[in-house]
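These notes concern the structure reproduced below.
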Amino acid sequence: MTRSLSKDYPVLMTKVFKDIKVGLDEDINEKLELLSPHFSDYRILKKSVDARQRHNPHFVYSIEVAGENETLSKIEFQLERLNKTITTKPIIVGSGPAGLFAALRLVERGIPCLLFERGSIAEKRIMGINKFWRYGELDRRNNVCFGEGGAGLYSDGKLITRIKSSHIPYVMNRLVQFGAPAEIEFLSNPHVGSDKIRRVIPKMREFLRKNGCEFYHDTQIVDFVSDANSIKGVVTEHDQTFLSDHVVLATGHSAEDVFHSLEKHGVMMEAKSYALGLRIEHPQAAINKIQYRDHFAHPKLGSANYKLTYHDHDSNTGVYSFCMCPGGFILSSGTEIDGLVCNGMSNFNRNSQWANSAIVVTIEAGKDTSKDFWGGMKLRRDIETKAFKSVQAAGGTKQLPAQKITDFIKNKAGATIPGSSPSGVVGVNLQTLLPKKVNQFLLKGLENFDTKMKGFVIDQAQFYGVETRTSCPIRVTRDEESLQSVSHKNLYPTGEGAGYAGGITSAACDGIDVAEKIYQSYI
């Protein structure tokens, strides 16, 4: 892949200015006039907020500037295409970010594919989700975790990632092409918003379809075709068999049934450490005041976010915030009728009156769980079932269990406070749902976080249970070079569900990496 300027424009000699500080009431154009008099065009490469100085919050820019009478061209990503016709299309199981971006990359390489998704298209999926939030009637195919777009479709569309991948600019560029806000290409904390990403996915699907991809929605994969050391294809719930030399497994972190199918065929899997805990919610105004201090009401700053970590060196246990949603909502997002899970989301404008984030504790595979590779999955399921039973015992139905932070610290049940969840809440002592270790380190984490963000622990903050789907506790082991299963050729474990990603962007990048390996196998 090459990243190049459009052929419609000549190659320009441009300047890049980094770490330009711009006050809240200053104009970036005036700053650029001083740095590059007579500039005619510029492109923002990166923009972030620096609020570390109490009395001087400001923006920090990196900018590419063109000289007088020059125009910056559009950045394009040009890909070489396969110059021959393939006889058997690659199969992709799952249409979350890993699956969709694997398909997109293959299509742009001239390789159409077959995509299988147990849930419905995004437009129909939202109906099942809304019915669950309103009436508590779970659609096991169309919920916050399953359906076209994957779990990320309803968790804010956050694109923040800690990975270092050359594919990240490509991912952002393609999302913008399909309708995401242009600013995601330069913001340090980019997000699309749950409202906007639901409009991006259908456009992406139609592009893939027009370029030769075949979609099988509402079609669950129930088995695989295999021989001693390779996967040959898939079997659907409709008793159809599809064969291929390339099967991409991109099923997300909640498709437990897929792991049982893989185990039956002897596919190598291993336990993976993960994290679980609770989701915390504050009034957004309280977080704004902590982060922005005297400038908390400035219209340019918007809803503040945070990132908190605490590490206990004696036990080598971490506590950290995860999937922080400024101006967001807390959602009931389980996949089982007798289990409850919570997650967070926010729309593009992030304009609700609440801020939420998971606060989770690391769970070490084989130490905090049973020794077999199912240990983490069993622990997750046990906690989610406890959460469901606790709500039923308290007289609830579809609500999430909740507890004020101050009551959690005192380990006592108490009255809940109003919050953002469309499912409502029921008061539960959340310490009764979690392992002793998790409770212990949540308490230590809260104490540490309140020293870093004074006012984090307040009576107006509330915990919701349970945050158990941070990542998958199982990894489908793959070869580092070929990205195929170490036990079965032709199977490409991909994305978050296979244990190789941790969010929309990293899953998308992993899908691209796998697509590139498949492309290389054809040339």
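The values are calculated or read from the model by the stated rules, or taken from the named source; none is laboratory data. Being a predicted model, the structure only gives us computed values, none of them experimental. Ideal geometry is used to build each Cβ from the backbone, glycine not excepted, and the neighbour counts take in all protein chains shown.
Table for the structure above
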item	result
Condition broken by residue 117, with the remaining ones in (1) out of contact with any helix residue (DSSP H, G or I) (no Cβ under 6 Å at 6 or more places or on another chain); (2) over 16 Å from residue 247 (Cβ atoms) satisfied	(2)
Odd one out for residue 384 among (1) modelled with pLDDT of 95 or more; (2) surrounded by fewer than 22 Cβ atoms within 10 Å (Cβ to Cβ)	(2)
Number of positions in segment 73-117 that are buried (at least 17 other Cβ atoms within 10 Å of the Cβ), over 20 Å from residue 484 (Cβ atoms) and hydrophobic (A, V, I, L, M, F, W, C)	3
Set 494, 505: member being of a type in the set (Val, Ile, Thr), under 27 Å from residue 227 (Cβ atoms) and either in contact (Cβ under 8 Å) with a residue 60 or more places away in the chain or in contact with a helix residue (DSSP H, G or I) (Cβ under 6 Å, 6 or more places away or on another chain) (or both)	494
Verdict on residue 334 being outside the structural domain of residue 372 (by TED's automatic domain parsing), closer than 30 Å to residue 221 by Cα and part of a loop (DSSP other than H, G, I, E, B)	no
Hits in segment 118-138 - residues which are surrounded by fewer than 19 Cβ atoms within 10 Å (Cβ to Cβ) and either assigned to a loop (DSSP other than H, G, I, E, B) or not assigned by TED's automatic domain parsing to the domain that holds residue 258 (or both)	136, 137
Residue within segment 152-175 that is more than 18 Å from the chain's Cα centre (by Cα), more than 27 Å from residue 267 (Cβ to Cβ) and modelled with pLDDT under 95 present	yes
Hey, residue 239 out of contact with any Leu (no Cβ under 7 Å at 6 or more places or on another chain), modelled with pLDDT of 95 or more and not in a helix (DSSP H, G or I) or not	yes
Identity of the residue in segment 205-236, charged (D, E, K, R) and at pLDDT 95 or above, that ends up nearest to residue 491 (Cα to Cα)	232
First in segment 231-255 and under 22 Å from residue 97 (Cα atoms), second anywhere and surrounded by fewer than 15 Cβ atoms within 10 Å (Cβ to Cβ) and not hydroxyl-bearing (Ser, Thr, Tyr), Cβ under 6 Å, 6 or more apart	233/243
Lone unmet requirement of (1) more than 20 Å from residue 324 (Cβ to Cβ); (2) crowded, with 22+ Cβ neighbours inside 10 Å; (3) touching a Ser or Thr at 6+ places or on another chain (Cβ under 7 Å) for residue 205	(3)
Close pairs from segment 292-308: first in contact (Cβ under 8 Å) with a residue 40 or more places away in the chain, partner loosely packed, with under 11 Cβ neighbours inside 10 Å, Cβ under 9 Å, at least 6 apart	293/54; 293/55; 294/54; 294/55; 295/55; 298/25; 300/25
Filter pass, residue 195 being at positive phi, at pLDDT below 95, in the same structural domain as residue 122 (by TED's automatic domain parsing) and not in a strand (DSSP E or B)	no
Scope segment 32-57; condition closer than 20 Å to residue 303 by Cβ, without any contact (Cβ under 8 Å) to a residue 40 or more places away in the chain and either among the acidic types (Asp, Glu) or surrounded by 18 or more Cβ atoms within 10 Å (Cβ to Cβ) (or both); matching residues	50
